[in-house]
Amino acid sequence: MSENELELEELAELLGRALDLDEGDEQIATLEEAVRVADIRGDLEFQYGAREALVRACIFGGASEKALVAFAWLLAQFDKHPGKFDQWAILWKYKWIVSQVCSFPNVSKARIYKMLDDLTERSEAAGYGLRAVYNHRYRTEKFWDNREKAVEYFHKMQEFPEDGLSNCPACETDERVSFSIYSGHDEKAVELAQPILDAREKCASVPHRTYANILLPLLRLGRQKEAVLYHHLGYGLICNNKTFLDKVGEHLVFLALTHNFESAIALVEKHYLWTEQNRDLLCQFRFFRAAWLLFEMLAEQQEGSLELRLPRSFPLYSDSGRYEPTRLAAWFKQEATEIARRFDERNETDFFARTLDQTLSLKALSEPFPLLEDFETAFE
């Protein structure tokens, strides 16, 4: 075997090892090393393949900012070498990218719309319909709460048949559930979620997202016991992957509103560090907002300080491990407020500021409800 063939075989083995790893930091780091080695070697196909794997690992492992960079390289090479690389694969990854890009306020609205237009042109040129494109146009308008356009695009999406760029059945159902919640139809949302809740539909990120999304609707409907069940089921699916930091925030809100404060504090202790490691500001916003609600409620419920295990990198770190809930509430609120300001400035709306202003109104749903000791038999 020649030296060249040996190097390529070693690179292939490195990629194979990376793909065998669980989603997360180790897989991402291994694939970053594979990209580095491939770049040194200068083999275009390995450079491309390593970055394809890296994009997926970053999207599903909580480092979407790295996916944006790797995808830009892929798209440039795809255009530079017509016909060399798989067209469907680049379009599918483009969907991932446009689903994440709104979470970075340094990316302008004009740039986001340009990406959506580019995805539209590429999809049509490849012979696909626009169901997937309108799905992402809906999500984008929903992000800055342009409700009229969001609703228009959601219904426009339904006019196109499913094709090779459509989401899987579980994701399609989850999208309908999210739209019903967004539209204020909680009961319909839970009804639509049944194929997911019954485990008839699932994928890599469903029911993970769905369980988190229906917690508040269930509380508003007075169905606390079901909400507790889906908290137990859902949190276990997301607790070790920081790509779900925003959904951890939903579980944190649920725990605060049901007065499961000990469990809520444990979530803050476990996941605060993710806010320092996850550059997705939407994820950070939702976690900080949830933590603000928690510590605001704790400040009302009890006097004195709390004991928390937080890392030294936490700006209010205390060697004693004791913290005043009012100070914690103020800090988390301030962090969420700054992110809201950045989003609203880019989005040219006040949606995130309004979302923050409405946070404490969630306390109207506050009612003690215990977690289940044996949730697997809860409904027997």
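What follows draws every value from the coordinates through simple rules; no lab data is involved. Source: prediction; values computed, not measured. Ideal geometry is used to build each Cβ from the backbone, glycine not excepted, and the neighbour counts take in all protein chains shown.
Quick look at the values:
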read-out: DSSP-loop chymotrypsin sites (Phe, Trp or Tyr not before Pro) across the stretch 270-347, with at most 14 other Cβ within 10 angstrom; value: TYR317
read-out: Cα shape, the stretch 167-206, gyration tensor, a/c 1.5 rule; value: oblate
read-out: Residue-span extension gain [VAL69 to GLU348] - 0.36 nm each, minus C-alpha spacing; value: 97.9 nm
read-out: Residues whose placed amide H lies under 5 Å from that of LEU306, excluding near-sequence neighbours; value: TYR323, GLU324
read-out: 19 Å Cα-Cα reach of LYS242 towards lysines, excluding residues that sit fewer than 8 places from it in its own chain; value: LYS66, LYS270
read-out: Candidate lysines for bridging to LYS109, where Cα separation is under 19 Å - those fewer than 8 sequence places away on the same chain excluded; value: LYS95, LYS142, LYS149
read-out: Alpha-carbon Debye profile of the stretch 1-90, log10 I(q)/I(0) at 0.14, 0.16, 0.24 Å⁻¹; value: -0.48, -0.62, -1.21
read-out: Options (i) 1.05; (ii) 1.16; (iii) 1.31 - which one matches Cα Rg over 2.2 N^0.38 Å as calculated here; value: (i)
read-out: Three-way shape call for the stretch 86-166 based on the alpha-carbon gyration tensor, with the a/c threshold at 1.5; value: oblate
